[in-house]
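Take a look at the structure below.
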Amino acid sequence: MAFPEKLIKKLINNGFEVLVAPNVQEAGIIVRSKIEEINPDSVSFGDSITLYATGTIDWMRSQNRYCFIDTFEKNVRFKELIERRRQALVCHTFMTGVNAISASDGALRWLDMIGNRIAPIAFGPRKIIIVAGRNKVVETPEDAYSRIREIAAPRNVARHEGMKTPCSITGKCSDCSSPDRICNERLILHKCHPKGRITLILIDEVLGL
């Protein structure tokens, strides 16, 4: 399945730089090449299964060329990780995934718990790199919200041990008031401003949530 030319054209018209990878391995090469092209003085990321799958995070953790603000380092106290996520708001280059891309308007959509993933996308870092499997592409904004509520959010809760929300049991969103609720903040990128600030790498595989 190739990405429709109509979708790519819409995204480009909306100001995004769009690159296409046939598989996750090639996507990893593209991400690393993009980072080397940008040559940032600092890099950080928001939690993304797709980004992990590209091998980018393992690569960043093993290199010493770029200052890497690791916001999910193991065996580090949560309080320290939160401080690193604040630092990530003003890093040079920020990487993450996306919950849904609506083809009809070429907009990108997210739902987040505390905002550390979506805030840097909206403003702060000079460059943003986003990776997305073909399963993230839907037709309409309504389809995007349905995907987030019925697929992305429940599956994301399920992978975090100890999260007590109704969707962790039912697999469906009930618009709960649980303290562990992850559906607190939304971001919609209708356009990329300034043009080219965000690089979107579309991967022709089913990846992530």
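The values are calculated or read from the model by the stated rules, or taken from the named source; none is laboratory data. Model, not experiment: these values are computed from the prediction. A quick note on method: Cβ atoms are made from the backbone with ideal geometry, for glycine too, and the neighbour counts reach across all protein chains shown. Ligands, DNA and RNA are stripped out before the accessible areas are found, and what is left, the full protein with its side chains, is counted by its heavy atoms. Shrake-Rupley method; radii C 1.70, N 1.55, O 1.52, S 1.80 Å.
Any chance segment 29-37 includes a residue that's among the basic types (Lys, Arg), over 30 Å from Val157 (Cβ atoms) and within 17 Å of the chain's Cα centre (by Cα)?
Taking every residue of segment 29-37 in turn, at least one turns out to be among the basic types (Lys, Arg), over 30 Å from Val157 (Cβ atoms) and within 17 Å of the chain's Cα centre (by Cα).
Tally time: how many residues in segment 58-101 are of a type outside the set (Val, Ile, Thr), in contact with a helix residue (DSSP H, G or I) (Cβ under 8 Å, 6 or more places away or on another chain) and more than 19 Å from Glu26 (Cβ to Cβ)?
Residues flagged as of a type outside the set (Val, Ile, Thr), in contact with a helix residue (DSSP H, G or I) (Cβ under 8 Å, 6 or more places away or on another chain) and more than 19 Å from Glu26 (Cβ to Cβ) within segment 58-101 amount to 12.
So, of the residues in segment 13-25 that are in a helix (DSSP H, G or I) and touching a residue at least 40 places away in the same chain (Cβ under 8 Å), which turns out to be nearest to Ser102 (Cα to Cα)? Reasoning before the result, please.
Of segment 13-25, the ones in a helix (DSSP H, G or I) are 13, 24-25.
Now drop any that are not touching a residue at least 40 places away in the same chain (Cβ under 8 Å), which leaves 13, 24.
Details: Asn13: 14, Val24: 21 Å.
Ranking the candidates gives Asn13 first.
Test Ile118 against the criterion of being of a type outside the set (Ser, Thr, Tyr), closer than 16 Å to Asn184 by Cα and in contact with an Asp or Glu (Cβ under 7 Å, 6 or more places away or on another chain), and give yes or no.
It is true that Ile118 is of a type outside the set (Ser, Thr, Tyr), closer than 16 Å to Asn184 by Cα and in contact with an Asp or Glu (Cβ under 7 Å, 6 or more places away or on another chain).
Considering only residues that are among the charged types (D, E, K, R), surrounded by 14 or more Cβ atoms within 10 Å (Cβ to Cβ) and within 17 Å of the chain's Cα centre (by Cα), which ones fall in segment 58-95?
Once the filter is applied, which keeps residues that are among the charged types (D, E, K, R), surrounded by 14 or more Cβ atoms within 10 Å (Cβ to Cβ) and within 17 Å of the chain's Cα centre (by Cα), segment 58-95 yields Asp70, Arg85.
Residues being farther than 17 Å from Ser102 by Cα, touching a strand residue (DSSP E or B) at 6+ places or on another chain (Cβ under 6 Å) and assigned to a loop (DSSP other than H, G, I, E, B): count how many of those fall in segment 167-191.
Looking only at that region, the number is 1.
If you go through segment 32-52, how many residues are in a helix (DSSP H, G or I) and open to solvent by 70 Å² or more (accessible area, probe 1.4 Å)?
Here is the first cut: in segment 32-52, the residues in a helix (DSSP H, G or I) are 32-38, 49-52.
Narrowing the set further to residues that are open to solvent by 70 Å² or more (accessible area, probe 1.4 Å) leaves 36-37, 52.
So the count comes out to 3.
Is it true that Gly55 is in contact with a helix residue (DSSP H, G or I) (Cβ under 7 Å, 6 or more places away or on another chain), crowded, with 19+ Cβ neighbours inside 10 Å and either at pLDDT below 95 or over 20 Å from Ala119 (Cα atoms) (or both)?
Spelling it out, it is not the case that Gly55 is in contact with a helix residue (DSSP H, G or I) (Cβ under 7 Å, 6 or more places away or on another chain), crowded, with 19+ Cβ neighbours inside 10 Å and either at pLDDT below 95 or over 20 Å from Ala119 (Cα atoms) (or both).
Can you confirm whether Leu111 is over 20 Å from Ala53 (Cα atoms), open to solvent by less than 50 Å² (accessible area, probe 1.4 Å) and out of contact with any strand residue (DSSP E or B) (no Cβ under 8 Å at 6 or more places or on another chain)? If you could, list the steps in order and put the result at the bottom.
Working: over 20 Å from Ala53 (Cα atoms): yes; open to solvent by less than 50 Å² (accessible area, probe 1.4 Å): yes; out of contact with any strand residue (DSSP E or B) (no Cβ under 8 Å at 6 or more places or on another chain): no.
Spelling it out, it is not the case that Leu111 is over 20 Å from Ala53 (Cα atoms), open to solvent by less than 50 Å² (accessible area, probe 1.4 Å) and out of contact with any strand residue (DSSP E or B) (no Cβ under 8 Å at 6 or more places or on another chain).
Which condition does Lys10 not pass, out of (1) buried (at least 16 other Cβ atoms within 10 Å of the Cβ); (2) in contact with a Leu (Cβ under 9 Å, 6 or more places away or on another chain); (3) touching a residue at least 40 places away in the same chain (Cβ under 8 Å); (4) farther than 14 Å from Thr199 by Cβ, if it passes all the others?
The one condition Lys10 does not meet is (2).
What about Arg126, is it under 20 Å from Pro194 (Cα atoms), of a type outside the set (A, V, I, L, M, F, W, C) and surrounded by 22 or more Cβ atoms within 10 Å (Cβ to Cβ)?
no
To keep it simple, each residue is scored yes or no on (1) modelled with pLDDT of 90 or more; (2) crowded, with 21+ Cβ neighbours inside 10 Å; (3) in contact with a Leu (Cβ under 8 Å, 6 or more places away or on another chain).
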site: Lys164; (1), (2), (3): no, no, no
site: Cys173; (1), (2), (3): no, yes, no
site: Glu185; (1), (2), (3): yes, no, yes
site: Ile198; (1), (2), (3): yes, yes, yes
site: Ile203; (1), (2), (3): yes, yes, no
site: Val206; (1), (2), (3): yes, no, no
